[in-house]
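Please read the structure below before turning to the comments.
Read-outs throughout are calculated quantities, based only on the coordinates presented, and are distinct from any laboratory measurement. Small disclaimer: the values here were computed from a predicted structure and weren't measured. A quick note on method: Cβ atoms are made from the backbone with ideal geometry, for glycine too, and the neighbour counts reach across all protein chains shown.
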Amino acid sequence: MSTADAIACGSPYFTGDLRFPGTLVFMLNNTNDILTAVGIVKTFPGAVALDKVNFSLRRGEVHALLGENGAGKSTLIKCMTGAYRRDAGTLTLDGTEIDPHDTLDAQKLGIGTVYQEVNLLGNLSVAENLFLGRQPRRFGLVQTGEMKKRANALLAQYGININVSAALGSFSVAIQQVVAIARAVDLSGKVLILDEPTASLDAQEVEMLFRIVRDLRARGLGIVFITHFLEQVYDLTDRITVLRNGQLVGTRETASLPRRELVTMMLGHELQSAEKAVAEAESSSGPVQFRFSNYGKAGTIKPFDLDVRKGEVVGIAGLLGSGRTETAELLFGVHKADSGTAEIGGKPANLSSPRAAIAARFGFCPEDRKVDGIIGELSVRENIALALQARRGWARPLSAAEQNALADRYIKALDIRTSDREKPIRLLSGGNQQKAILARWLATNPEFLILDEPTRGIDVGAHAEIIRLIRELCAQGMSLIVISSELEELVAYSSRVLVLRDRAHVAELTGSEITTEHIVNAIAAAPGAGEHP
Amino acid sequence: MIESALRFGHRLLPQLVALTIILLLIWLVFPGFFALEIQNGRLYGSVIDILNRGAPVALLAVGMTVVIATKGIDLSVGAVMAICGAVAAASSVRGDPLTVTLLLAIGTGLVCGVWNGFLVSVLNIQPIIATLVLMVAGRGIAQLVTEGAILTFNDPGLIFIGSGAFAGLPMPVVIWLVFGIAVTLLVRRTALGMLIEAVGINRRASTLSGIQTPLLLMAAYMLSGLCAAIAGLIVTADIKGADANNAGLWLELDAILAVVVGGTSLLGGRFSIIASLAGAMIIQAVNTGILLSGFPPEFNLIIKAAIIVIILVIQSPRVQAGVTFLSRKSVR
Amino acid sequence: MNQKYLPLIATIVIFIVSYAVCAAQYPNILSTRVVGNLLTDNAFLGIAAVGMTFVILSGGIDLSIGSVIAFTGIFLAVMLESTSIHPLAAFALVLVITTLFGAIMGAIIHYLEMPAFIVTLAGMFLARGMAFVLSIDSIPIKHPFYAAMKGFYYKLPGGGRITLIGGLMVLVFALGILLAQRTRFGTNVYALGGGAQTSALMGVPVGRTTILIYGLSGFLAGLSGIVYSLYTSAGYSLATVGVELDAIAAVVIGGTLLTGGAGFVGGTLVGVLIQGLIQTYITFDGSLSSWWTKILIGALLFAFILMQKAILLLSRQNKRYS
C-alpha cells in the first residue's frame, strides 16, 4: 500500500494526535516493520477497551508502550499475542497477516511475551522451564544431560551461568526474568514483549536486564517494552507509543520527546487548562485533625509527613507504581507502618489493621474493586451494610428493615443503578459497583475517607457524580484523600496535592500552585537533575 | 417478610422436590411407608426411622455447611465423633455424673475444632490438608482412650440420648432438629451468616471491610467440632458403647455430600443449613428406601454415586454457563 | 544444597534412624526375613501409592483407590469362580476396566471443572458399590495359577524371600521414578502441580495429562488389587477400606507436597516402608497397641506439613536476599 492509498482509505496509518500538530507521522509500510497492528478494536460488555488503535514495531528497536491503568496497554498486548480475540483490525508479522488464536499460537508464529509476574513454573528446574514440551529425547526418555547442556549454552548467550537443574523458584526474580526471556526468544525469535519486567528489580538487576535487551535489539528483534518508570523509557527505548482510554495518543521518537510532553500525553489534559477556581476553603486554615509524621514502611513507601484538616481534600498524584496505592494502604492499616506516628485530634492513634482504622472512623475504597472491594455473590444491600455491620460486631445485627433503609438511601443518594437491592453486586457495572463500595463506607459515617482511583473505568455520567459527591462530602466536614491519575479532577477538588515518585513523596502543592502543569512538572522531574532532553 | 419467605422457598425448592420424589417412589414400592403408630407414647414408622438414622449426618452437616461456606472443608469430623464418643464412654465407665460426661465430650469436640481452626486460620494451611491430620490420627486417639476395646456403659442418662424419646420423637431426632434450628437462628438472626459468606467469597475484601476473618474461621471449625461431639454422643449412646474403629466411619464424606446435595457450593459463599439438613435426609431416605423396597442394599452406594454425578453435572461451572447462555438466548 | 531434596532427605533420615532404633531393641528386625515381609506385606499399598503420588504431584487427589482395589479383588474372584477364563486374561480385563474408570474421572475433573475431591468421592462410592453388586461375600480363589504364583520367589540369604508381589512393587516404583523423572509426561505432571493455568500457557496439554494421570492411578489401583488378591487369595468387597488414606499419608510422609508440584516417587516408597516399619515394630513389641500406628502416622503427617510450610517461608526469604 502506498502512502497515497493510506490517506485515501481513511488513513489507517495516521497515528498522530491532533492536539500535537507537530507529531503528524505517516508510518509508511516500512519493510523494516516486523509487527504492525492496524485499526485494532476490542470491546468488553459496557466498555470499549481499544478503539481503532494502530501500532508498529521495527526490527531492532525497543518500543515503549505507555499509558496509565486502563489505558489499553495490556488489552493491546493481549490482542497481539492472541490471549484476546480482537473485534476488528489486522495484524501483520514479517509481511504476512496473522491471526493468532491463543498465546501458544502467537509463540509459534514468533511473538513471545514475558510478564512481570514471571509466567514460568517455579517448581520445575531452569532447564525444564526452558525446554518444557520439547525436551530432547532418546527412546522416549528425556536426555537430562543433553537438556542441561543445551540450557547452559542458551543461558550463556545471556551471560548468565547458573545451576540449571535447580528449581527456577530458588532464583531471584531477575534471573527468572532472564530465563523467561531466553525461553521466549528461543521459541519465538521475532518479537519480544516485555510487560513491566523491571517492576520488582533493583537497580543492578535492571542494568543486567537492559544489557540483555540491548543485545537482543542488536540481534534484530523487535521489542515492546511496557513500564511505568520514565527514566527507563529514556534510558532504553527508541520510540514511544502512548495510549489513553483505549485510544492511541501518538507514536514518537524517544530522543525528540521531552519528558514533560510525554507525561502530558499520558495523563491527557490541556496544558493551558484553566487555573484552579481558587475558592480557598476556610477549612485549609483550620486545625490539623489527622497528622502522620515520618510515617512509612521499609520496602513499601519512604517515610512521609501528612497533615489533613477537617473538610479538606488532599489529592495524591503520581504515575502508576509511584507508591500511590501503597500510601493509601499504609494509612488504612493494610500494611503496618514501621516508622513514624499517627495522631487524630492530637491524640496518638492505633492504625495497625483495617479493623483498627475503621474503629478510628477511617474508610477506604480500594483501586481494584473486583479483588479488594466487592463481595461478588452478595447482594447490593449486603455489600453496602458490610463495613457498618463488621464494626458493630456479629452480635448486633442490623435488622432487615435497617439494612433495607440503608441500601435504599444510598441507592437513591448515589444513584446506584440496580434493578433491585437484592441483586448480586457482581452483576452491576463498574461505576455502580464503585458507588456501592463508596456507600459501604459512607454508611459507617467516616471522618477520614481514602479513595483510590474512584473514577477509573467508569462511564462519564458516573464520573461526574462521583466528583460531585467528593465535593459534597468535603463540604460536610469529612476529610478525604483522593488518589487519581486524572489531573484535572485533582486540580478541581483538592485543597492540596501530594506528588509521588519512586515510592516517595516528592512535592506538596498548595493553593495557587495546584495546576496540572505544576503536577506534571513535579512528576516528570528527573531525580536530582533537570529536565530530560 | 413475604418476599424473604418466597426467596427461602425458592432456595429450598430443588431439595424439597427431590426429597418428595424419593419419598413417593419408596411409597410406591412399599405402601406402608407413611404409616405411623404410637407405642408407649412414642412414634414408630419408616419416616421416623429415616429422621432417627439420619441424625448423625444431619448434625455433622450443620457444622460442615458453615465450614464449607468459609471456603473450607473439615475431613476430621468422623474421627472427632469417635474421639468424643470414646471420651464420653470412658467418663461414664469411670462413674462421672452425666453432666461431667457431656461436658467432657463436648469440650473434646471443641478442642479438636480449635486445633483445626488454628491450623487453618493462624498457620494458613489449606483446610483439606489441615483437617487430614486429625482424620488420620483421630481414630488412633479414640482407641487410645478406649484402649482398643468397645467400651460399654450403662448410665441410663447417657443411653437416653441415643434411644430415649421426647414428646413422642426419638431423642436423636429432637436433638438434631433443635440444634439445627438453633444454629440457623444463631447465624441468621445475628450477622454471623452474612459475615461468614463474605469471608468465604472474598477473604481479602472482607478483611479490608473490618471483618475479623481469623476469628470467624476459628469459630466455624469449633462449631464443626461441636457438631461432631454431639453426633458422637448420639452414636455412642445408641449402641451403649464406644466403638473407636467404626463410630462415624466415613461420615465426613456423607456430611460433605449432604452439604453438596443441599446446594451449598464447595467453593464457599452462600449457604443454607436447612438445605443441608434436607440433603442429609435425602441421603438417609435413599439408604432406607433401598432397604425397604427390597432392592439389595448393595445398590445403595451405586445410587449414591449416581446422585453425586447428577449434582456434579448440574453444578459444574461449564454446564451452568451453558444453561445461562441458553436461557438468555431464549429470553431474546 | 538443592532445597527440593530436603523433604526427601528428611524422610530417609527418619526411616534410617527409626530402623536403627528398632534394630537396637530387636536385632531380629535386621533379618532378611523381616525385610522380605516388609516388601510383601506392603506391596499392594506401595503400588497404589505410586499412582497416588502422580495424582498428588499434579495437585489433585484420588479417594477411589481403596474401593477400586476391593472391586478388582472381588471381580477376579467372581470371574475365576464362575468362568473358566485364565487368570492372566482376567488380569488384563480388570486392568482395562480400572484404567478406563480412572481416565473417566480425570475427564470429568477436567471437562466439568469439578474438584477432584468430589469426583473421586463419587468414584469411591461407585467402585465400592460395583464390588458389592458382584458379591458381598468373601470369595476364596483356588485357581492353581495363584498357587503357582505364590510359590514364585527369590530366596535371600538368611531365609528371607522376595516374593513375586514384593518384587513387583519394587519394579513399579522403579518404573514410576523413570516416568516421573525422565519423560515429558512426568515433567507435565509436575508442571500441572506448579500451576494449571501457567502450564497451559506454556503449552502443556492439560486435559490429556489430567486424564492420563487419573488413568494411571486407576491402572495402578487395579494392579494393586491384583496383588492384593494374590496376597490374600480371596476377593472381598469390604476389603481395603481406607487404603486411600494410607496412600495419601505415605505420599506426604515421603516428602511430596500435598498441594502438588514437588516431591518424588522414590520418597513414597520410603513413606510406605516407614508405615510398615511402625507396624512391624508394634508386632515385635507385642505389648504396644495397634492404635499407635495411626497416631504416629498422624503426627508424622503433621510434622511434614509443617516442614513444607517452613521450607516455603524460608525459600521466600532467601530469594529476597539472594
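Odds and ends about this structure:
- Net length available on complete extension from A:Arg468 to A:Asp307 is 55.6 nm, with 0.36 nm assigned per residue and the Cα-Cα distance removed.
- Over all pairs of different C-alpha atoms, the stretch A:126-166 has a mean inverse distance whose reciprocal, the Kirkwood radius, equals 10.3 Å.
- Where GluC sites (Glu not before Pro) fall in DSSP loop in the stretch A:86-188, at most 12 other Cβ within 10 Å: A:Glu117
- Peptide packing: for A:240-252, C:83-95, the average count of neighbouring Cβ atoms within 10 Å per residue gives the ranking A:240-252, C:83-95, highest mean first.
- Peptide-level mean, for C:182-190, of C-beta atoms on other protein chains within 10 Å: 5
- Label point distance in nm, A:Ala298-A:Ser165, each placed 7 Å from Cα along Cα→Cβ: 3.8 nm
- Helical segments meeting 20 Å axial Cα length and Kyte-Doolittle 0.0 threshold in chain B (DSSP H): B:2-29, B:55-69, B:77-94, B:98-117, B:127-146, B:171-189, B:213-238, B:273-292, B:299-315, B:317-331
- When shorter helices are ignored and each DSSP H run of at least 4 residues is given -39500 (n - 2.57), the per-residue value for chain A at 222 nm works out to -9500 deg cm²/dmol.
- For the residue pairs A:Lys310/A:Lys336; A:Lys297/A:Lys347; A:Lys52/A:Lys302, the C-alpha atoms sit more than 32 angstrom apart in A:Lys52/A:Lys302.
- On Cα atoms only, tilt of A:173-187 relative to the major axis of chain A in degrees: 40 degrees
- Exposure proxy ranking for C:Tyr111, C:Tyr228, based on other Cβ atoms within 10 angstrom of each Cβ and starting from the fewest, stands as C:Tyr111, C:Tyr228.
- With a 10 Å cut-off around each Cβ of C:126-138, the average count of Cβ atoms from other chains is 4.
- Taking 7 Å steps out from each Cα toward its Cβ at A:Val288 and A:Asp105 produces label points 5.9 nm apart.
- Å³ per residue enclosed by the Cα convex hull of the stretch C:95-203: 178 Å³
- Cβ-derived FRET efficiency at R0 60 Å, B:Ala5 paired with B:Glu147, nearest 0.05: 0.70
- Rounded FRET efficiency, nearest 0.05, which uses the C-beta distance separating A:Val48 from A:Glu231 and R0 of 30 Å: 0.40
- Student exercise, the protein assembly as shown dipole from Lys, Arg, Asp, Glu Cβ charges, in Debye to nearest 20: 1460 debye
- Using alpha-carbon coordinates, inclination of helix A:430-442 to the longest axis of chain A, degrees: 40 degrees
- Peptide C:81-88 shows a mean partner chain C-beta count of 0 within 10 Å per residue C-beta.
- Rg/Rg_ref, chain A, where Rg_ref = 2.2 N^0.38 Å and atoms are Cα: 1.06
- Share of alpha-carbon pairs per 10 Å distance bin for the stretch A:85-188, given as whole %: 14, 41, 28, 14, 2
- Loop trypsin sites (Lys or Arg not before Pro), the stretch A:44-111, which have at most 14 other Cβ atoms in a 10 Å radius of their Cβ (DSSP): A:Arg85
- Highest-first arrangement of C:210-219, B:86-95, where packing means the average Cβ count within 10 Å: C:210-219, B:86-95
- Efficiency of FRET from Cβ geometry, A:Thr92 and C:Ala299, R₀ 51 Å, rounded to 0.05: 0.20
- Theoretical gain in end-to-end length, A:Arg396 to A:Ser419 [0.36 nm per residue, Cα-Cα removed]: 5.4 nm
- When Rg and the Kirkwood radius Rh are both evaluated on Cα atoms of the stretch B:53-311, their ratio Rg/Rh stands at 0.97.
- Which of C:Met307, C:Ala24, B:Val47, positive extreme of dipole for the protein assembly as shown (C-beta unit charges): C:Ala24
- Counting only whole DSSP H helices of chain C, the ones at least 18 Å long by C-alpha along their axis and with mean Kyte-Doolittle hydropathy no lower than -0.5 are C:6-25, C:43-57, C:65-82, C:87-111, C:116-134, C:164-182, C:206-232, C:265-285, C:291-321.
- Separation in nanometres of the label points that stand 7 Å from Cα toward Cβ, at C:Ala23 and A:Arg361: 7.4 nm
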